[in-house]
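The values are calculated or read from the model by the stated rules, or taken from the named source; none is laboratory data. Owing to the predicted nature of the structure, the values given are computational and were not obtained by experimental measurement. Cβ sites come from the backbone with ideal geometry, for glycine too, and all protein chains shown count toward neighbours. Heavy atoms of the whole protein, side chains included, go into the accessibility calculation; ligands, DNA and RNA do not. Shrake-Rupley method; radii C 1.70, N 1.55, O 1.52, S 1.80 Å.
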Amino acid sequence: MAEALRADEGKFDVVVVGSGFGSLFFVEGYLRKRPAARILVLERGRANSHAWQLEHSRNSDIPPESTFRRPDGHKIWNFTIGLGGGTNCWFGQSPRFHPSDFRMRTRYGVAQDWPLTYEDLEPFYVEAERKMSVAGSDEMAVILPRSAPFPLPPHVPTSVDRIMRKAQPEFHFPIATARASVTTGDRARCCSTARCNLCPVDAKFTYANGFKNLTANPAVEIRVDCEVTHLDAANGVVNAVRYRHNGREYSAAGELIVLGANAIHSPAILLRSGLDHPLTGVGINEQVGYYAEALVDGVDNFDGSTITTALNYMLYDGDFRKEHAGALVYFENRWPFGLRKEYGRWRQLVPLLVAVEDLPQDSNRVTLGGDGMPRVSHAAISDYAKKGVDHSVAALGKVRAPLPVEQINFIEMRPTESHIQGSLRMGNDRATSVIDAKQIHHDARNLVVVGSAVFASCPCSNPSLSVAALSLRAASLIA
Ligand SMILES: Cc1cc2nc3c(=O)[nH]c(=O)nc-3n(C[C@H](O)[C@H](O)[C@H](O)COP(=O)(O)OP(=O)(O)OC[C@H]3O[C@@H](n4cnc5c(N)ncnc54)[C@H](O)[C@@H]3O)c2cc1C
Ligand code: SF4
């Protein structure tokens, strides 16, 4: 057991738990307003360099499943414990959420509205895209309005995308991605090797290549191998953060505490701290994904410049969301299930990844076991999502109508989308949310929660750009 608690040196302006997307972008935004702030970042994992990750073929020496339990057994949750968190393992897919995603209750009578709108977040989307040098096409503004161009030009589309884009200019767009389409000062150009969690050429945005300004800043102290166990809270204020390092227990005090330990570990820390708002851990969710393929006649695919080259929004939004989930269709420039077998027709294949939104359900939740470990119960996806899967499978023919399709095959469901979300939802009303519109905990007013835990609903799109934009916004409002 750890030795007696020791007071850490002095009091920090901000103590940050975790060093993933939510935490890093909060620190980035905070320092823009208060450059002299003294900030301590406590990270549970170690600093595994890009070279270490390539050599060991993994992002961390701590397997995610060793950090929580799954009483239901079947549902996989995937994340990285290590300096930089999800910026290490992510694939760099960076679409914004759709304006309707923030207004699901008002527009479609399901899920909850977010306590902010797409328009509120838009300037911070721009900042996050700049920080990550996101590549994309400004034509996307037709459905996702934007006030500034993408920082990098779009990736080279495939021959399949060219046909699709011509036929469906309102739905089919080059992917928005933090995989560089041209060489930048910090990153090489993506060369479409399609193993982005371990990018061999360092083309995607990561902690190591993207946050050199924080590592070089003497006001920011980053300590690794420091597992935060709980927060000392009393009378609506968090006074200190307790953590373990080398078998000893420490405490760090700060004016402002930022909790960004991911959507499983952040609620677990709150539950251990007695900050047990009734919705803590409740509603954890992620999208439901599957693979499908189309065999096409006479069009050779796979000539694009990155792993996923396009997004198709035909099934994403509309009044149908009153009845069933929407779906985002990713046009893949890789062949996870092999090429075609027929001589000379190897590339006449269109692999698709389809992500379907889910509804947060109270039965899916993070609790604490008797040993203090988080337990993630996930009984089932919602009927809304199940219907969305069925409708999208049936509608794939319509999506791919512009192509000379011979046959469409459903391949398989994906075990996880590697997105953990919604276990500490944000909202204006304490009865239906754990944190408020500024991401401040309803019951502890110097505690900010960041990361995908705060999502009020489960849009089809990948989460991390929105996590980054939300953190920049919260930092700008709070600092
Ligand atoms: C293989 C894979 C591919 C992905 N691809 C994409 C993609 O293409 N696009 C996309 O948008 N998203 C992608 N994601 C999801 C993305 O990684 C997450 O959405 C994002 O990281 C969430 O940010 P966060 O700040 O909530 O958590 P994280 O980034 O996971 O950060 C949490 C941090 O807290 C630390 N921590 C945990 N517990 C403690 C503790 N007790 N004390 C101190 N520190 C702690 C962790 O080590 C970590 O550094 C992918 C994820 C995976 C696993
Ligand atoms: S497609 Fe290849 S080069 Fe591009 S980001 Fe992924 S792994 Fe890196």
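Summed over the stretch 29-43, residues that are in contact with a Ser or Thr (Cβ under 8 Å, 6 or more places away or on another chain) and within 14 Å of ligand 1 (Cβ to nearest atom) total 3. Would you mind stating whether T87 is of a type in the set (S, T, Y), closer than 13 Å to S418 by Cα and open to solvent by less than 60 Å² (accessible area, probe 1.4 Å)? It is true that T87 is of a type in the set (S, T, Y), closer than 13 Å to S418 by Cα and open to solvent by less than 60 Å² (accessible area, probe 1.4 Å). Of the strands (runs of 3 or more DSSP E) entirely within the stretch 333-390, those holding at least 1 residues that are over 21 Å from S100 (Cβ atoms), open to solvent by 70 Å² or more (accessible area, probe 1.4 Å) and charged (D, E, K, R) occupy 365-368, 374-377.
Residues in the stretch 398-413 that are outside any loop (DSSP other than H, G, I, E, B) and either closer than 30 Å to T280 by Cα or open to solvent by 40 Å² or more (accessible area, probe 1.4 Å) (or both): K398, V405, E406, Q407, I408, N409, F410, I411, E412, M413.
Among the residues of the stretch 188-204, not a single one is under 23 Å from the mean Cα position of the chain (by Cα), β-branched (V, I, T) and surrounded by 15 or more Cβ atoms within 10 Å (Cβ to Cβ). Here the stretch 120-131 is the region considered, the condition is being of a type outside the set (D, E, K, R) and surrounded by 16 or more Cβ atoms within 10 Å (Cβ to Cβ), and the residue that is farthest from C190 (Cα to Cα) is L121.
Here I257 clears all of (1) more than 20 Å from F26 (Cβ to Cβ); (2) within 15 Å of ligand 1 (Cβ to nearest atom) except the condition numbered (1).
Within the bounds of the stretch 297-306, is there any residue that is part of a loop (DSSP other than H, G, I, E, B), among the acidic types (D, E) and under 25 Å from V134 (Cα atoms)? Taking every residue of the stretch 297-306 in turn, at least one turns out to be part of a loop (DSSP other than H, G, I, E, B), among the acidic types (D, E) and under 25 Å from V134 (Cα atoms). Applying the criterion of being without any contact (Cβ under 8 Å) to a residue 40 or more places away in the chain and closer than 16 Å to L256 by Cα to the residues of the stretch 428-471, the residue that is most open to solvent (accessible area, probe 1.4 Å) is I440.
Of the residues making up the stretch 414-427, those that are more than 16 Å from ligand 2 (Cβ to nearest atom) and surrounded by 14 or more Cβ atoms within 10 Å (Cβ to Cβ) are R414, T416, E417, H419, I420, Q421, G422, S423, L424, R425, M426, G427.
Scan the stretch 376-389 and give yes if some residue there is away from ligand 1 (no atom under 16 Å from the Cβ), at pLDDT 95 or above and within 30 Å of R162 (Cβ to Cβ), otherwise no. Yes: the stretch 376-389 contains one or more residues that are away from ligand 1 (no atom under 16 Å from the Cβ), at pLDDT 95 or above and within 30 Å of R162 (Cβ to Cβ). Y30 passes every criterion in (1) of a type in the set (F, W, Y); (2) crowded, with 24+ Cβ neighbours inside 10 Å; (3) over 23 Å from the mean Cα position of the chain (by Cα) apart from (3).
For the stretch 253-262, check the following and say yes or no: at least one residue is among the β-branched types (V, I, T), surrounded by 24 or more Cβ atoms within 10 Å (Cβ to Cβ) and touching a helix residue (DSSP H, G or I) at 6+ places or on another chain (Cβ under 6 Å). Yes, the stretch 253-262 contains a residue that is among the β-branched types (V, I, T), surrounded by 24 or more Cβ atoms within 10 Å (Cβ to Cβ) and touching a helix residue (DSSP H, G or I) at 6+ places or on another chain (Cβ under 6 Å). Looking at V134, V142, V241, just one residue is open to solvent by 50 Å² or more (accessible area, probe 1.4 Å) and β-branched (V, I, T), and that residue is V142.
Is it true that A474 is of a type outside the set (V, I, T), in a helix (DSSP H, G or I), surrounded by 18 or more Cβ atoms within 10 Å (Cβ to Cβ) and touching a strand residue (DSSP E or B) at 6+ places or on another chain (Cβ under 7 Å)? So A474 fits the description; yes.
Residues of the stretch 313-332 that are in contact with a Leu (Cβ under 9 Å, 6 or more places away or on another chain) and not in a loop (DSSP other than H, G, I, E, B): A327, L328, V329, Y330, F331, E332. You will find that of F337, F320, the residue that is of a type outside the set (K, R) and either at pLDDT below 95 or touching a Phe, Trp or Tyr at 6+ places or on another chain (Cβ under 8 Å) (or both) is F337 and no other.
Of all residues in the stretch 219-235, none are at pLDDT 95 or above, assigned to a strand (DSSP E or B), at negative phi and within 16 Å of ligand 2 (Cβ to nearest atom). Taken over the stretch 377-411, residues that are within 18 Å of D358 (Cα to Cα) and touching a Phe, Trp or Tyr at 6+ places or on another chain (Cβ under 6 Å) amount to 1. Residues in the stretch 424-456 that are polar (S, T, N, Q) and either within 15 Å of ligand 1 (Cβ to nearest atom) or assigned to a helix (DSSP H, G or I) (or both): Q439, S452.
Among the candidates F25, F79, which residue alone is within 11 Å of ligand 1 (Cβ to nearest atom), surrounded by 22 or more Cβ atoms within 10 Å (Cβ to Cβ), within 20 Å of the chain's Cα centre (by Cα) and part of a helix (DSSP H, G or I)? Going through F25, F79 in turn, just one is within 11 Å of ligand 1 (Cβ to nearest atom), surrounded by 22 or more Cβ atoms within 10 Å (Cβ to Cβ), within 20 Å of the chain's Cα centre (by Cα) and part of a helix (DSSP H, G or I): F25.
Residues in the stretch 50-60 that are assigned to a loop (DSSP other than H, G, I, E, B) and either surrounded by 18 or more Cβ atoms within 10 Å (Cβ to Cβ) or within 21 Å of the chain's Cα centre (by Cα) (or both): 3 in all.
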